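A quick write-up on the structure given underneath.
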Ligand SMILES: Cc1cc2nc3c(=O)[nH]c(=O)nc-3n(C[C@H](O)[C@H](O)[C@H](O)COP(=O)(O)OP(=O)(O)OC[C@H]3O[C@@H](n4cnc5c(N)ncnc54)[C@H](O)[C@@H]3O)c2cc1C
């Protein structure tokens, strides 16, 4: 295994960023070697996929570790094992070609398979946690191989116990369930089907994947052209009574009712309502078609992005008494 020095940290926000060391992992021997190297030198480490959900610093004083596990194979008729370096959308395409249902709503989500359980990626009514049977990982801190069951990952909305852990994901074992039903309940899918006169009876996994892809392309920027990390803030969950309604009435917000008077609030709408109050920044702004997407012009650094985000968080808090949390991983 080769350890490289001062390599750029790839990231879809196109922030200027270098790491002291970096390494590509291809097998278990690499992992044992790396764990010894890290523990011996007391090194900081960052496990990196395709960098579409991180906000990296200008210089990372540690080692960046990337996976080179690229295999897709059937462990049994109902388990598909996929290497962490496989691109997520390539896996979605593989599932469609091989008649494996469940992945279609997650079409076009950028990034790698290895990162998918970290924040429990989700879109259009489906989360990856519903597809995972178990995860094969290596604990860098304790230098040991582990297999985590779905329950042990403790998946929640945009989070799991794998986040900020010392676990390097080698591969994920996905459940193949031929009886799985297509999920077209999400409002924007329903609207698309109504406008285009598509009925539930004629829906297949491929047409659903197409619908999701068309909707995504119409609202989200391609991160290779417009530099971004997807939704920059999570939809906040809080008690309904805590929302300040002095400036905007509750019905001007997007609200999903949960149990016990708790609600999930659409962060995009909150930002839309205060958009004209945000202080402009030279290299950072919001995507014009989607207020949740922070974009850069390719010349920004981490502190400019975080200052821009803090300004939005402060205004939203002042006006709505709602705390917005950042979704991508801030690397320090
Ligand atoms: C335009 C755009 C649209 C997006 N849309 C969505 C969406 O609809 N839904 C959604 O949920 N997300 C979305 N995202 C966010 C992003 O696609 C996901 O978070 C994706 O899983 C990140 O993959 P990555 O390989 O780029 O991870 P990275 O950004 O490289 O890393 C993200 C996290 O995963 C960890 N990680 C990566 N690989 C491994 C591994 N092998 N083992 C252990 N930890 C690892 C990293 O340490 C880091 O904490 C979007 C992003 C963009 C740019």
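State the Cα centre-to-centre distance between the range 287-332 and the range 9-75 in whole Å.
After rounding, the separation between the Cα centres reads 25 Å.
On average over all directions, what projected area in square nanometres does the range 273-319 have, based on the convex hull of its Cα atoms?
3.2
Apply 1/(1 + (r/R0)^6) to the Cβ-Cβ distance of residue 276 and residue 6, taking R0 = 51 Å, and write down the FRET efficiency to the nearest 0.05.
Efficiency computed from Cβ-Cβ geometry: 0.75.
Spin-label point model (7 Å from Cα, Cβ direction): what's the residue 28 to residue 197 distance in nm?
5.9
Given the convex hull over the Cα atoms of the chain, what projected area results after averaging over all orientations, in nm²?
Dividing the Cα hull surface by four gives the mean projection, 18.1 nm².
As an exercise, use a Förster radius of 22 Å and the Cβ-Cβ distance of residue 213 and residue 157 to find the FRET efficiency, rounded to the nearest 0.05.
0.40
Using all C-alpha to C-alpha distances in the range 176-298, build P(r) with 5 Å bins and read off the rounded percent in each one.
Pair shares across the bins are 2, 9, 15, 15, 15, 16, 15, 8, 4, 1, 0.
I need the calculated FRET efficiency for the pair residue 141 and residue 99, taking r as the beta carbon distance and R₀ as 30 Å, to the nearest 0.05.
0.15
Based solely on C-alpha atoms, express the radius of gyration and the Dmax of the range 1-143 in angstrom.
Reported Rg and Dmax, both Å: 16.2, 47.
Quick one: among 119, 302, 245, which has the greatest mean-square fluctuation in a GNM of the chain with alpha-carbon springs under 10 angstrom?
Largest GNM mean-square fluctuation: 245.
What residue among 33, 233, 138 has the largest mean-square fluctuation in a Gaussian network model of the chain, using Cα springs under 10 Å?
Maximum among the listed residues: 33.
Sticking to Cα atoms, compute the Rg of the range 146-241 to one decimal and its Dmax as the biggest Cα-Cα distance, whole number, in Å.
In order Rg, Dmax, the Cα atoms of the range 146-241 give 17.9, 49 Å.
Looking at the calculated P(r) for the range 3-67, what percent of the C-alpha pair distances fall above 18 Å?
Taking all Cα-Cα pairs of the range 3-67, the fraction more than 18 Å apart is 31 percent.
Looking only at 127, 304, 225, which one moves most when the chain is put into a Gaussian network model with springs between Cα atoms under 10 Å?
225
Throughout, read-outs are computed from the coordinates displayed, never taken from laboratory work. None of these values were measured; they are calculated from a predicted model. Using ideal geometry, Cβ is built from the backbone for each residue, glycine included, and neighbour counts are taken over all protein chains shown.
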